[in-house]
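What follows is a set of notes on a single structure, which appears directly below.
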């Protein structure tokens, strides 16, 4: 078996690493913010249902924001630029 070819300097590898890092940071921050909201609501109201509902609303809002941003960014990339890379 041969080792994979060297991809150093390939724009795709840099983009892949950046996307992975951003995804990891976003996941960690999302968990931290949702946990903070959940436990703050739990301490304030002493109701698991209320705390869970607040955290769920936050997650839905963040999902909606992420979806809109993804659609906006994907429209800015021209099909010609994508074809040149492949």
> Arranged from highest to lowest average of other beta-carbon atoms within 10 Å per residue, in what order do the peptides 56-69, 33-46 appear?
Replying inline: 33-46, 56-69
>> Quick check: residue separation of residue 22 and residue 65 times 0.36 nm, minus the Cα distance between them. What number comes out in nm?
In response: 13.9 nm
> Taking Rh as the Kirkwood radius computed over C-alpha pairs, what is the Stokes-Einstein D of the range 17-85 at 37 °C in a medium of viscosity 0.692 mPa s, expressed in µm² per second?
Replying inline: 229 µm²/s
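Values in this text are rule-based calculations from the coordinates and carry no lab data. On a predicted model such as this, the values are computed, not experimentally measured, just so you know. Note that we place each Cβ from the backbone using ideal geometry, even for glycine, and neighbour counts take in every protein chain shown.
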